[in-house]
1. For L46, all conditions in the list (1) surrounded by fewer than 14 Cβ atoms within 10 Å (Cβ to Cβ); (2) in contact with a Phe, Trp or Tyr (Cβ under 9 Å, 6 or more places away or on another chain) hold save one; what is the number of the exception?
2. Output the qualifying pairs, or none if there are none: Cβ atoms under 8 angstrom, residues six or more apart or on different chains, first residue in the stretch 20-36 and over 18 Å from L75 (Cβ atoms), second residue aromatic (F, W, Y).
3. Which of the numbered conditions does G106 fail, given that it passes all the others? Conditions: (1) modelled with pLDDT under 90; (2) at positive phi; (3) within 13 Å of the chain's Cα centre (by Cα).
4. Tell me yes or no: at least one residue of the stretch 77-96 is among the aromatic types (F, W, Y), within 19 Å of L35 (Cβ to Cβ) and either in contact (Cβ under 8 Å) with a residue 24 or more places away in the chain or surrounded by 15 or more Cβ atoms within 10 Å (Cβ to Cβ) (or both).
5. Could you check the stretch 19-131 for helices (runs of 4 or more DSSP H) lying wholly inside it with 2 or more residues that are within 18 Å of S8 (Cα to Cα)?
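The values are calculated or read from the model by the stated rules, or taken from the named source; none is laboratory data. From a predicted model like this one, the values you see are computed outputs, not experimental measurements. Neighbour counts run over all protein chains shown; Cβ positions are idealised from the backbone, glycine included.
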Amino acid sequence: MTLSAPLSSYALFRTEIPEETLDALIAQGAKFVPLIDGEDLAGAALVNGTEVHFVAAPHWRGGKLGSRRVIRGFLAGLLADSELGFLTTRVQNSSKNEHDFVTRIGFVPTWSDGFQTFFMLHELPFTRATK
């Protein structure tokens, strides 16, 4: 697969996932969902069925994607498009930063196989309490 400038969702994921793995996921039907801020690619999700994985553009890492409004809006679209009304993801147990990120945006741990922890999101995070 060819990369093009400006930065694409594929190029973002290539910084985190080996090309062969990424191409195999695409061949299985995975799709990219870009997170655009203005005209800037801030991040992307790679969605395969209900499973989703996230990556932030390098200049958006370190908390810049932390806006509840941005995260809630992005997840709303992903949940609406979900085949079964929920999203799942998994994180290697050795990756504390990724574990913290997915729990911060509303994913709840469901189980662990000793190497990875699996998470589910079935409702939008950051819901305001009704009065």
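1. Here L46 clears every test but (1).
2. L22/Y10; L22/F13
3. Tallying (1) modelled with pLDDT under 90; (2) at positive phi; (3) within 13 Å of the chain's Cα centre (by Cα), G106 fails exactly one: (1).
4. Within the stretch 77-96, the first condition is being among the aromatic types (F, W, Y), and the residues that meet it are 86.
Checking the rest, the ones that are also within 19 Å of L35 (Cβ to Cβ) come to none.
No, the stretch 77-96 contains no residue that is among the aromatic types (F, W, Y), within 19 Å of L35 (Cβ to Cβ) and either in contact (Cβ under 8 Å) with a residue 24 or more places away in the chain or surrounded by 15 or more Cβ atoms within 10 Å (Cβ to Cβ) (or both).
5. Qualifying helices (runs of 4 or more DSSP H): 19-27.
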